[in-house]
Amino acid sequence: MSDMIDAFRALKDMRQTERKVFGIPCPVCIEKLPKAQPKILQHGQVCRAHKPHYRDPRPRPTTDEYNEQMAAAGSEWRVS
């Protein structure tokens, strides 16, 4: 059971690192909901906190870009 727990903790850490490295605050949230914390969007993610919905227009990073930025953030996660 501890292997599964370790795997889920590692997955959680990876997602937090991805959010820090690739995430940007939703510009529509900042504009329409100035007192609320803006949603953090990753590439192509949709923000449904307001209408009309906003989709982050950035393309997904290539494998090399992903690996470089994750290594710069100090993560051992790599995509092959």
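Summary table below
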{"quantity": "Any pair with Cβ under 7 angstrom, 6 or more apart, that starts in the stretch 1-28 at a residue that is surrounded by 14 or more Cβ atoms within 10 Å (Cβ to Cβ) and ends at one that is in a helix (DSSP H, G or I) and of a type outside the set (A, V, I, L, M, F, W, C)", "calculated": "Val21/Gln69"}
{"quantity": "Matching residues in the stretch 8-35 - criterion: being more than 13 Å from Trp77 (Cβ to Cβ) and of a type in the set (Gly, Ala, Ser)", "calculated": "Gly23"}
{"quantity": "Subset tally (residues that are of a type outside the set (Val, Ile, Thr) and closer than 16 Å to Thr62 by Cα) for the stretch 18-48", "calculated": "6"}
{"quantity": "Yes/no for Pro57 being more than 29 Å from Ala7 (Cβ to Cβ), surrounded by fewer than 10 Cβ atoms within 10 Å (Cβ to Cβ), within 16 Å of the chain's Cα centre (by Cα) and not β-branched (Val, Ile, Thr)", "calculated": "yes"}
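Every residue, every condition in (1) in contact with a His (Cβ under 6 Å, 6 or more places away or on another chain); (2) part of a loop (DSSP other than H, G, I, E, B); (3) of a type in the set (Ser, Thr, Tyr), yes or no:
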{"residue": "Val21", "(1), (2), (3)": "no, no, no"}
{"residue": "Cys29", "(1), (2), (3)": "no, no, no"}
{"residue": "Ala36", "(1), (2), (3)": "no, yes, no"}
{"residue": "Arg60", "(1), (2), (3)": "yes, yes, no"}
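Since every read-out is calculated from the coordinates, none of them should be taken as a lab result. Small disclaimer: the values here were computed from a predicted structure and weren't measured. Neighbour counts are summed over all protein chains in view; Cβ atoms, including those assigned to glycine, are modelled from backbone coordinates with ideal geometry.
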